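Structure, as structure tokens:
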Amino acid sequence: MLTRPTPRGGRVAWQLAQTLWVGGIWVVHFVLLPALDRFGLAALLVNEIGAFMRPLMIGFAAACALLQLLVAGVALGARCWRDLRGQLLLLVLLACTVFFVAHGFAGGEYWAMFAYLVVAFAGLVLVLQPRPDEDVEPLRRS
């Protein structure tokens, strides 16, 4: 399985974008908002902060996923769509779109939160994958 060499800037962009959006999504939902709630802020205030931060993080995740998809496209070429990383990035972009569509409808909070969690867990799976330029070939038996 041959991959095209990715420029150093592509490697840095992949890792930086992945760190920022996946870390941001997880920190907002699983650290910041529970900490504010535990700190004793009013529940309405915590909900308002969440309602402000989640769309920002989803928009940022979509922009970073597009950048990562571009880097994967350069490194993998047409195989990007058959690769797990490319499929996860497409899932993230789809879930970001569902988030904003559901967020616009009355009563769509459930689907928006579901889409947010899909983005978070797809990001977690993506973090466990190697960069597109460092494919690990399976061990061959002699």
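Tell me the residue from 31, 92, 46 that is modelled with pLDDT of 90 or more and in contact with an Asp or Glu (Cβ under 7 Å, 6 or more places away or on another chain), please. So that I can check it myself, show each step before the final result.
Details: 31 fails: in contact with an Asp or Glu (Cβ under 7 Å, 6 or more places away or on another chain); 92 fails: in contact with an Asp or Glu (Cβ under 7 Å, 6 or more places away or on another chain).
Exactly one residue qualifies, and that residue is 46.
Given the condition crowded, with 16+ Cβ neighbours inside 10 Å and without any contact (Cβ under 8 Å) to a residue 12 or more places away in the chain, answer yes or no: does some residue in segment 39-59 qualify? No; the residues of segment 39-59 include none that is crowded, with 16+ Cβ neighbours inside 10 Å and without any contact (Cβ under 8 Å) to a residue 12 or more places away in the chain.
Kindly indicate the residue of segment 76-123 that is more than 10 Å from the chain's Cα centre (by Cα) and among the aromatic types (Phe, Trp, Tyr) and also surrounded by the most Cβ atoms within 10 Å (Cβ to Cβ) among those meeting that condition. Ranking the candidates gives 99 first.
The values are calculated or read from the model by the stated rules, or taken from the named source; none is laboratory data. On a predicted model such as this, the values are computed, not experimentally measured, just so you know. Note that each Cβ is placed from the backbone with ideal geometry, even for glycine, and that neighbours are counted across all protein chains shown.
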